[in-house]
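The values are calculated or read from the model by the stated rules, or taken from the named source; none is laboratory data. Predicted model, so just to flag it, every value in this text is computed and none were measured. We place every Cβ from the backbone using ideal geometry, glycine too, and count neighbours over all the protein chains shown.
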Amino acid sequence: MDEKQLQYEFLSILSESHPGLTFEEYRDSCVFLLFYQYLCLKHGDSLEEAYKPGELVKMAIRGKLQVASFLKFMESASSFLHLLNKDFQLTEFSFYKSLERVHSLEKQKSYARFFRKFLKKIDGWACKEELLRQYPKLFVLLIAEFAKLKKDTYISEELSELYHKFFCRRFHKKKGKCKVLFPEFQYGILASSIISTEKNIEIYGYTKEQEYIDIFTIVCYMRGIPLDSLHLFMKKDWRAIRDLPDGADNILIFMPEGVEAGEYIASPKLSLGKEQFYAGTKGEFPFLLTAISCLKENGFLAAVFPGAMLYREGREAQIRKYLVEELNCLDTIMLLPDSIFHSIGQAEAILFFQMNRERKDILFFDCSEIESLDKEQIDTIDQLWSERKTIPGLCACVERDEIEKNEYNLNLPRYITKVVKETAIDMEKGKARIREIEQELQEIENRIAIYRRELGL
C-alpha cells in the first residue's frame, strides 16, 4: 500500500457509519484505537502477540468482543505497553475512563459493533513499516478532518506556516529554555507543527476538554516532542501565576468562539483598571490583554481574531489606543483569506505583538483576496515583513502619527488602497464586434418588417 492508498484508508474512516454513537464518541474511539495500533507498530517484535490488535480481531470473529472484554484486554495490553513505553498508560486516557462508565445496554452494543468493524479495518492495513512511517502525518490529517466536520477551531497548513515563519526566527534567537503558551487550545495541530523541530522548549496550554489534552499529547508524541516538556491543563485548573510564574517567551492564540469578558481577569501587570478592562467590550480584548500579561519582558504573541476588533468603537477603541500608544506592542496586522479557515464565516485577522518594541510603526498586510497562500507567497510576505516595505494594494508600513489621526481605527482600507487593474482594450476587435452586433440588429429589423407586412400592420 503506497502513501495515497494509506491516506485513502485513513480518511475513509470519516465516511464510516457509527449507529448509536455520538460524533464525539466515534471520534474518541477512533483516536484511541489508532493510537493503540501505532504503539503496537512502533514496538513491533517486542510486543507479545497476545496484546496486538489481531487478538482483538479474533475475539470479534468469535463474537466475544464486548465492552467488558475490551476493557479487560486493554488493561492487560496497557500494562505491557507501559513496560515498553513509559510515556503512556492507555487506561489513563479519557476515552477508556468514559467507556468504564457506559452502563446502557444499547450503548454497549453500539460500541461492540464499532469495535468489531473498526478493528477488522485497521488490522487489514498492509505494509506495516510504511504505515508506521506515515502514521504521524496521516493521524494529523484525520484529526483535522474531524475538526472540520465538528466545525471546531482548525487552522490550515498555510496559517501554520505563517505562525512558523514568525516564531521560528525568535526561537533561534532565544538562549536556554523557551516557554510557549497555547491558551484555549483544541487539537494541538498548530502547536505541534511549530514546535516539532524545536527541542529546547517547555510547552504550556489549557483547554476546556480532556479529550483535547489527549489528542494534543498524542500528536506531540508522534512528532517526537518530549512529553516531559508538556504542561497541559484543564481550563478550570489553570492559574498563570502558579503554573507559569515567570511568564511565556511566546504565546499563540486562536480566538475561541463565544468568550465572555468576565471569563478573564485583568492582570496587575496591565495599567487598565478592572472597570475599564471589562466595560463595554466583548470577550476578545479581555482575553487578549490577559494573554499579553502572561508574556515575558521581551516576549512575542501571535493571535487570530475577528476582523471587527480592528474598528469597533467605544471602549474597544480606547484599548486599541492603549496597545498602540502606551504598550507599543502591536507590530503587524494581516487580514487573511477566507480559504485559510474551515469553519468561520467572518473576516479574520492575525495580529503579531512584540513587547518592548523600539519601532513606532505598524505593518499592515491585506491578503484577503489571495485565493490560497502557497509557499512562494508566504516567503514573499516574510521578506516584505522583514523589509517593512509599502506595496500598493498589498501592504503598508504606517507610522503611529497617522494611526492617531485615524483615532486608532485599524481597519485596513484606511491604510491600504485597493489597486484597480485596468483591462487593456483591443480597438480593432471592439470595432469588429460592433459591426457584428449592428449586422445582427439589421437582420432582426428585417424579419420584424416581414412579419408586419404579413399581418397587415
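Give the residue, chosen from L34, L71, L56, L21, that is buried (at least 19 other Cβ atoms within 10 Å of the Cβ), within 19 Å of S94 (Cβ to Cβ), in the same structural domain as L141 (by TED's automatic domain parsing) and among the hydrophobic types (A, V, I, L, M, F, W, C). Before the answer, list the steps.
Numbers: L71 fails: buried (at least 19 other Cβ atoms within 10 Å of the Cβ); L56 fails: within 19 Å of S94 (Cβ to Cβ); L21 fails: buried (at least 19 other Cβ atoms within 10 Å of the Cβ).
Answer to the selection: L34.
D123 fulfils the conditions (1) in contact with a Pro (Cβ under 8 Å, 6 or more places away or on another chain); (2) in the same structural domain as W385 (by TED's automatic domain parsing) except for a single criterion, (2).
In the set A266, A302, only one residue is outside any helix (DSSP H, G or I) and at pLDDT below 60; that residue is A266.
So is R359 in a helix (DSSP H, G or I) and either among the polar types (S, T, N, Q) or out of contact with any Pro (no Cβ under 6 Å at 6 or more places or on another chain) (or both) or not? So R359 does not fit the description; no. Scanning region 83-99 for residues that are exposed (fewer than 12 other Cβ atoms within 10 Å of the Cβ) and within 31 Å of the chain's Cα centre (by Cα) yields a count of 3.
The rows are residues; the columns are (1) at pLDDT 85 or above; (2) surrounded by fewer than 21 Cβ atoms within 10 Å (Cβ to Cβ); (3) more than 16 Å from the chain's Cα centre (by Cα); (4) of a type in the set (D, E, K, R).
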| position | (1), (2), (3), (4) |
| --- | --- |
| C168 | no, yes, yes, no |
| F171 | no, yes, yes, no |
| K174 | no, yes, yes, yes |
| F182 | yes, no, no, no |
| I189 | no, no, no, no |
| I201 | no, yes, yes, no |
| Y206 | yes, no, no, no |
| I215 | yes, no, no, no |
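Apart from one condition, N411 fits all of (1) in contact with a Leu (Cβ under 8 Å, 6 or more places away or on another chain); (2) modelled with pLDDT under 80; the exception is (2).
Scanning region 224-242 for residues that are surrounded by fewer than 19 Cβ atoms within 10 Å (Cβ to Cβ) and out of contact with any strand residue (DSSP E or B) (no Cβ under 6 Å at 6 or more places or on another chain) yields G224, P226, L227, D228, M234, K236, D237, R239, I241, R242.
Within region 362-371, the set of residues being in a loop (DSSP other than H, G, I, E, B) and either more than 20 Å from the chain's Cα centre (by Cα) or surrounded by 20 or more Cβ atoms within 10 Å (Cβ to Cβ) (or both) comprises C367, E369. Being closer than 26 Å to K107 by Cα, out of contact with any Ser or Thr (no Cβ under 8 Å at 6 or more places or on another chain) and of a type in the set (D, E) holds for only one residue in E48, E55, and it is E55. Looking only at region 102-124, how many residues end up being under 17 Å from F32 (Cβ atoms) and surrounded by 14 or more Cβ atoms within 10 Å (Cβ to Cβ)? Total satisfying the criteria: 16. Residues in region 37-53 that are crowded, with 16+ Cβ neighbours inside 10 Å, part of a helix (DSSP H, G or I) and among the hydrophobic types (A, V, I, L, M, F, W, C): L39, C40, L41.
A126 - would you say it is under 22 Å from F139 (Cα atoms) and in a loop (DSSP other than H, G, I, E, B)?
Working: under 22 Å from F139 (Cα atoms): yes; in a loop (DSSP other than H, G, I, E, B): yes.
Answer is yes for this residue.
Can you confirm whether F118 is in contact (Cβ under 8 Å) with a residue 12 or more places away in the chain and within 19 Å of S17 (Cβ to Cβ)? So F118 fits the description; yes.
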